[in-house]
Amino acid sequence: MSWLELLNNLESGAVRAASQDESGQWQANIAVKQGILEAFKNGKNTEFPGGFVDKHNLAPQGFAADAGVRMVPGGSSVRRGAYVAKGTIIMPPAYVNIGAYIDEGTMVDSHALVGSCAQVGKNVHLSAAVQLGGVLEPIGASPVVIEDDAFIGAGCVIVEGVVVKKGAVLAPGVRLSATIPVYDCVNQRQLDKGEPIPEYAIVIPGSRPASNAWAREQGLSMSCALIVKYRDEQSDASLLLEEVLR
């Protein structure tokens with residue numbers, strides 16, 4: 001498949017930069033990422049209206065009304081090679097990078113970033129200033145994945161291939177990476193490194209004492225994340241998405 005065919009297939013949703021295997025684990029599609037890098041290699045810097053300069057073959061997308069995508073005026077951009085499904089709302093300014101996948105009914109709020117190859121499921125809410133990290137290199141690295149019905153609070157940062165499972169809720173300001181520990185206070189355990197945020201978990205930002213003796217003497221602490229409960233009827237009611245907005 002040529003890089004041009006790949007970009008078209010990414011935009012139609014026919015191929016994705018990552019997918020789940022039979023065990024439910026998310027795996028990077030190396031061929032897709034190689035094709036994206038090939039598109040960059042074959043692109044030439046070109047001036048676009050508004051004073052922008054980018055590769056000539058990676059211009060921002062436009063949407064017709066019948067696509068069912070509502071991108072509100074004010075500075076948002078969806079780059080070539082990203083998939084945005086029907087019912088998605090993009091509030092300004094927001095940015096969706098190449099290889100990203102956004103499924104139906106999702107809200108991308110102001111100042112949000114959906115990084116390269118990040119995968120976002122159905123009916124997800126990405127609140128204001130959420131940052132989903134992108135990954136093109138190393139070629140085999142898995143991207144950030146947010147599964148269906150998750151709610152990501154304002155200012156959350158999710159990077160380094162973290163997976164947030166179906167229905168999970170992240171409170172404002174939660175930061176997740178490969179090195180930030182996550183403690184499940186309900187089940188009284190620490191999640192293994194690389195373990196996904198469990199389905200329907202409610203996660204808040206937390207801190208823990210620094211491991212270094214000198215740092216402990218100074219009263220210093222390090223960032224962590226805490227699962228404080230799992231969703232119930234009360235929390236579901238507070239997170240109900242309004243269909244009229246879509």
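The values are calculated or read from the model by the stated rules, or taken from the named source; none is laboratory data. Note that the structure is a prediction, hence the values are computed from the model and not measured. Every residue, glycine among them, receives a Cβ derived from its backbone with ideal geometry; neighbour counts consider all protein chains shown. Protein only, heavy atoms only, side chains kept; ligands, DNA and RNA dropped before computing areas. Shrake-Rupley method; radii C 1.70, N 1.55, O 1.52, S 1.80 Å.
Karplus-derived 3J(HN,Hα) values for the stretch 98-107, using 6.51 cos²θ - 1.76 cosθ + 1.60 with θ = phi - 60°, are 4, x, 5, 9, 10, 8, 4, x, 8, 9 Hz; glycine and proline are entered as x.
Of the peptides 143-152, 79-88, the order by per-residue mean of other Cβ atoms within 10 Å, starting with the highest, comes out as 143-152, 79-88. Against the longest principal axis of the chain, how steep is helix 30-42, in degrees 0 to 90 to the nearest 10, with axes from Cα atoms? Roughly 50 degrees, rounded to the nearest 10.
Just to confirm my numbers, what's the Cα centroid distance between the stretch 20-37 and the stretch 62-123 in Å? If we compute the Cα centre of each part, the gap is 21 Å.
Where both bridge residues fall in the chain, DSSP classifies roughly 35% of the beta bridges as antiparallel.
Using the Cβ-Cβ distance between ASN8 and LYS166 with R0 set to 30 Å, the FRET efficiency works out to roughly 0.55. Over the chain, accessible surface divided per residue gives 50 Å², non-protein components excluded, 1.4 Å probe. Residues whose amide H comes within less than 5 Å of that of CYS224, counting only those at least five positions distant or on another chain, are GLY206, SER207, ARG208 (H built at 1.01 Å from N in the peptide plane). Solvent-accessible area assigned to carbon and sulfur over the chain amounts to 52 percent, based on a 1.4 Å probe. Protection proxy ranking for 161-168, 131-138, 99-106, using the average of other Cβ atoms within 10 Å per residue and placing the highest first: 99-106, 161-168, 131-138.
Rg and Dmax, both from the Cα atoms of the stretch 126-169 and both in Å, are 10.8, 30. Principal semi-axes of the equivalent ellipsoid, √(5λ) from the alpha carbon gyration tensor of the stretch 167-238, are 26, 13, 10 Å from largest down.
In loop segments of the stretch 1-93 as defined by DSSP, the GluC sites (Glu not before Pro) with at most 11 further C-beta atoms inside 10 Å of their C-beta are GLU22.
Please say if the stretch 1-83 is rounded, prolate or oblate, where rounded means a/c under 1.5 for a ≥ b ≥ c the square roots of the C-alpha gyration tensor eigenvalues, and otherwise the choice is prolate for a/b larger than b/c and oblate otherwise? It comes out oblate by the Cα gyration axes.
Relative to its Kirkwood radius, the Cα radius of gyration of the chain gives an Rg/Rh of 1.00. Please name whichever of GLY134, SER235, VAL186 sits farthest to the positive end of the charge dipole of the chain, dipole taken about the Cα centre and charges placed at Cβ: Lys and Arg +1, Asp and Glu -1. Farthest towards the positive pole: GLY134.
Only beta bridges with both residues in the stretch 170-246 are counted; by DSSP, about 75 percent of them are antiparallel. Evaluating 6.51 cos²θ - 1.76 cosθ + 1.60 at θ = phi - 60° for every residue in the stretch 43-54, the Karplus couplings come out as x, 10, 4, 9, 7, 10, x, x, x, 8, 10, 7 Hz, glycine and proline recorded as x. Could you pull out every one of the aspartates and glutamates with an alpha carbon less than 15 Å from that of LYS229, ignoring same-chain neighbours closer than 8 positions? Output for LYS229: ASP184, GLU199. Taking the longest Cα principal axis of the chain as reference, the axis of helix 3-12 is set at about 60 degrees.
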